[in-house]
Structure formats: structure tokens, C-alpha cells
1. What percent do you get for the relative contact order of chain B when only Cα pairs under 8 Å and 6+ apart count?
2. Relative to the isolated chain, which residues of region B:288-318 have their accessible area cut by 30 Å² or more in the presence of all protein chains (1.4 Å probe, heavy atoms, no ligands or nucleic acids)?
3. Given axes a ≥ b ≥ c from the Cα gyration tensor, I'd like to know whether region A:148-289 is rounded (a/c under 1.5), prolate (a/b larger than b/c) or oblate.
4. Roughly how far apart, in whole Å, are the Cα centres of region A:218-283 and region B:124-146?
5. In whole Å, what is the distance between the alpha-carbon centres of region B:235-297 and region A:66-98?
6. Please report the Cα spread of region B:63-338 along all three principal axes, rounded to whole Å, starting with the longest.
7. Using the alpha-carbon atoms, what tilt in degrees (0 to 90, nearest 10) does helix A:226-238 show relative to the longest principal axis of chain A?
8. In whole Hz and in residue order, list the ³J(HN,Hα) couplings for region B:11-26 that follow from phi through the Karplus curve 6.51 cos²θ - 1.76 cosθ + 1.60, θ = phi - 60°; x for Gly and Pro.
Amino acid sequence: MRRLGTLAAAGLLLFSFVSARAAEPVRVATLLPWVEDALRTVPDHATVVAAVRRDLRQPVPEPTLDLGNPHSPSFEALAQARPELVIGDAALHARDAVRLGRGGVEVMLVETPGVAATFDALRQIGARVGAADELDAAVAEAEREIERLVVDRPIPVLAVFGAPGRFFAMTDETWLGDLLARLGFQNVVEPPESPLGRYPGLVPLGDEAVASLRPELVLVVAHGEPERIRRAFEEKIASGGPWKGIRESSGGRVRALDPDLFATNPGLGIPKAARALVEGARPVVEARR
Amino acid sequence: MKRWVARLRIQLQRLRDHPRWSASLLLALLVVSFFVSVGSGAVEVGPLDIPRALLQEEHPDHTVVADVRMPRVAAGAAVGAALAVAGVLLQTVVRNPLADPGILGVSAGAGLAAVATLIFAPDRAAWVPFFAFLGALTTVGLLLALSWSRGATLSALRLVLSGVAVQAIFIAAMALLTFAFAERAPAFAAFLVGSLNGLGWQDFALLAPPTLIGLAAAQAAARPLDVMLLDDATAGGLGMSVKPARLAASSLSALLAAAAVSVAGLVGFVGLVVPNAVRVISGPEHSRLLVRAALGGASLVLLADTVARTLIAPLELPVGAILALIGGPTFLGILWKKLP
């Protein structure tokens, strides 16, 4: 009986040791800011040891190691961080997969062309770091919230990604275009039949392409200084010619979107972005009344 | 100022008179560049700590030094040596100090072939240097054909302008390919400027054999290269078959440039700056010039890459951008002297 008790105690000790080992958070380096945000919500399961910059001028706060530019991360800093898992974007980082996995590190590349894909990626990441329950629940809540926000009548919208001197339409093949479609907006730019380039969801806006567009609302997204890009776009549509149709149909409703929420995919912040979009569309709804 | 220049000239003449001094100086520069390059970056590693970090797996900086920095430094040195010697060979073939694989479009020819191979035969990465070599060789042939008017000598102006035009065409073709096949092509901007970011031992393994073959063959051909510097009639009178010799030297230059481009993209100006700088301390004799150019090229690329990855760390600048800042003014300086 005594021997049985000793064995049971030893077993219990072993079990608690194994449980403690299993509960140790996974050391993650992420090349996607929204993955960092999601993993910060499950600190018992994952520790973000290295991350890329959201704004190239703003270093990543310590103690997380700064990997620099998401398009060209620092492999030295990555090696220094000693992650167990590196999470990147399939479209952006596939060609670096071998380099990212140097030293036997596991590399997880997720597909994120739309809202559903982003949520699927979050579920996969949750399953990998042992936080499936938490992230599944967060995703389910986010999906419910988006459904609650759907607008009554379709609103023709032009989503513009702006860089100095250039404008691109964001089609339904981008996360923002997909979110707008889910919320009941009607994107005035169709995805091209044969998409080209590294970002197939972005269609360059040229004189010929814009002549027939009649959005009631224009949304401007930019990585830095969206207000400046918005003003540049307003000047462009005020210049007349093929761009004047956009000015007439939108009634000058050109909104710059908050770069913290819209410059890159916000992941679990998508419902917050959805609320901002619906809120921003109110002037259109009121104008219709 | 005049006094200072006169003193400098005397010192340079001394270096030319004592070839071992210039070789030792460049070797010392390479050793310093190596330690600075391996020791600097996201993690600072002292020179005495480098061997331990490299050899002891339990050392905290082992992964950074052994798996990330060393292959990059090795590849960078090989790229520099290859491009510098490719520049020497090309300058000898066309008897013009303005010749450089980057400026004349030879690197762009190699780059176009490399990009096309990566796109259309993505599972044949090991073949990239070979096809890059074919691309570079074709470009050299094209340039020589465009720059040599019938029966006349080679025109420097025609050569440089032909190179500029050929380069523009090849870069446009690369841009179109990378746009149309974005998911398989290398990152265009980094490839176009030239970057060593992320290079590993597998890249060095691709680069090392053609570089070693090219460097050894060039050194073995030092004498014929000296003869090639004379005009065609004199060279022929000394028993040289000028056209085959020129073709062989061009092929070696193409091989070296292609090897570098295959892993680092269109790194420019090394083949211009280094041979012209090294000639000042070693003279034009190829048996001396080639070795010193290889050492100087390796040092220049290592130092430029160290600046590129530490200046605004952890963000990295492409090494080609730093080299262009040095090479551009050098090119203008030589052009200013050469052209009427």
C-alpha cells in the first residue's frame, strides 16, 4: 500500500513536470503585425520574441527584438531572437522561407488575401501555439460582430491605396475590399481577370480606368501621412478630365482612413475597422435620405 | 596642399616599386574588413570572441555568427573579388578603364538570364549561374559587335553608350518578367540594386566554384593579358591570336560577373572602382593587378555591406546603393579625364 502511494506521488510529480513543460509559451517571431497583436492576447501560450516594424520610422518596443522592415527582415536579429516558430505571409515571404527557417526553426506562412483567410490563419496559429480555444472564440466573436454591422443598402465605394504620385484601387482581392463587400458596400472596381504583379488586389488608377467610376464614397489608405495622400487625391479629382466623374458622384466625400487600423491587415482588429467604415459611411446614408 | 599631393605620389611610387608592400597592405585591409564585418551588426562580437562564437555551438552568438553572418561575409568577399577581377579583364579586353560589368550591361545580361531561370525553371536553382554566364557572355559579344566599327578600333564612347542602351533593355525585360511572374521572381528592387541580405551557405556554394575557376584562370592568363594591352598589330606580332584571346578573356569576365549576379543581384561599380584604384599602387602588370584587385574588391564589398546593414540597423540598405555612392563619382571622374 505504501509502495503504491509512493508510485502515485511519483506519477503525480512527473505529470505536473510534463504539464509545466507543455505549458511553456512558444517563442514566436512574427513578420505580420496583426499576428503579434493576436498572440499578445494569449501570453500563456505564446511569447512574441521578435517582430517587424509597423511604421519603418518607429522601432519595435523592447524587450521584443526589432526585425525591421517586414518586406526585408533582419536575419541577424531573427537568429538572435532564437524563436521556435516564425510566422510570415505566404505571398510576401515565400521566397525567404529557407532563410527564415535557418537553424531548424519552424516557419509558418499564412495566406491572408481576405477576411475569411485572415480568420482561418488566426485559427491555424491558435492551434499551433496551443491557444485554439481562445483564438477560435475571438474569431467567432469577430465574425458575429461583422455580420451585425452589415449596411442596409449597397453603397458604391472606391477604396484607394495611395503612395506619393500614385493611386491604386483596392479590389475585393484585398482584405479591405473583402471587408467592404462583407459589410454590404459595392466596390466600383472589379478585380482584373488576369491579375499581375506581387499585389494582384491593387489595380493602378489611370485616366482611362477612372473615367467610368461613380463611387458615392472614396476611402484613402496610405502607410504614412494619409491626410496628405487624401489631399493629393482631392486635387486630382478636382483637376477635371476623366477624374471629375468621381468628384461628382462622391460629392467630395473623400475620407482618409486611420493608418493604425487600415494600412495593414489588423487581424482581430477587423471588427473595429468595420465599425470605422460603417461610421464613415453615415454621410452617404444621410445624403440619400 | 601641393606638398601633400607630392608626398602621396612618392608613397604610391614606393608601393609600386615594392609589390609585396601593396599586396600586404591589401591583405591586411581584407583581414580588418573581415573582422569588422563579422563583428558588426545586430549583435556586436569582439574580434577575439569571433573564433569562439564560430566554433562553439553553446556560445550565445553562435547562430548569428556561424549561420547568418559568416555565409554572408564569405559570399560578399567572393562577390567583390569576382566583380573586381571581371572589371580588370573587361578593361583589358576593350583597353578602356571605363569598362565595368555593371556599367556595360554585362551584369544586367546575367541578371536577366538568372531571373528568367528562376521564373521558368524554379526547381533548377543550381543552373542559375550557368544560364547567367550564358546571358553575360551573350551581352559581351553583343557589346563588342556594336562597338567595333568595320576595320576600325574600338570606340570608347560607342562602347559606353551601347552598354547603357543594352542595360536599359535588359532591365526593362527584367522588370516585365518580375511584374508578370511576381510570385516566382526575386524581389526586383533589391535584385536591381544588389543586396547580400539573407545569403546563406547554399548561396556561397553556388558562387564559389565559378568564382574560384574564374580567378585561377585569370591569374594563369596574366601574361597574355599584358600583351592584350598593346595594340592589335603589336600583339599579333608577338604571336598572339588577338580575337580568340579577347574572346577567352571576355568569357572569363562574363563567368565571374555572372557568378556574382546569380546570388547578389546587380551589384555595380566594384569592377570600375577597384581596378582603377589598385592600378595606382600596383601598376598595370596583370600578375600583380589581378590578385590585388581580388583582395581590394573583397574588402570594398565587405566594408560597404557592413555600412549597409549597420547604418540604420535593423533596417538594411542594399549594398549596391552604398557602392553606387562611391562608384558614381569615380565613373564621372574617369569619364571627365577620358573624353574630350
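1. 30
2. B:P314, B:L315, B:E316
3. Values: a/c = 1.34, a/b = 1.12, b/c = 1.20.
It comes out rounded by the Cα gyration axes.
4. Using only Cα atoms, the two centres lie 48 Å from each other.
5. So the separation of the two Cα centres works out to 37 Å.
6. 57, 39, 34
7. 20
8. Couplings: 5, 5, 5, 4, 4, 5, 6, 10, x, 5, 4, 5, 5, 5, 4, 6 Hz.
The values are calculated or read from the model by the stated rules, or taken from the named source; none is laboratory data. Predicted model, so just to flag it, every value in this text is computed and none were measured. With ligands, DNA and RNA removed, areas are computed over all heavy atoms of the protein, side chains included. Shrake-Rupley method; radii C 1.70, N 1.55, O 1.52, S 1.80 Å.
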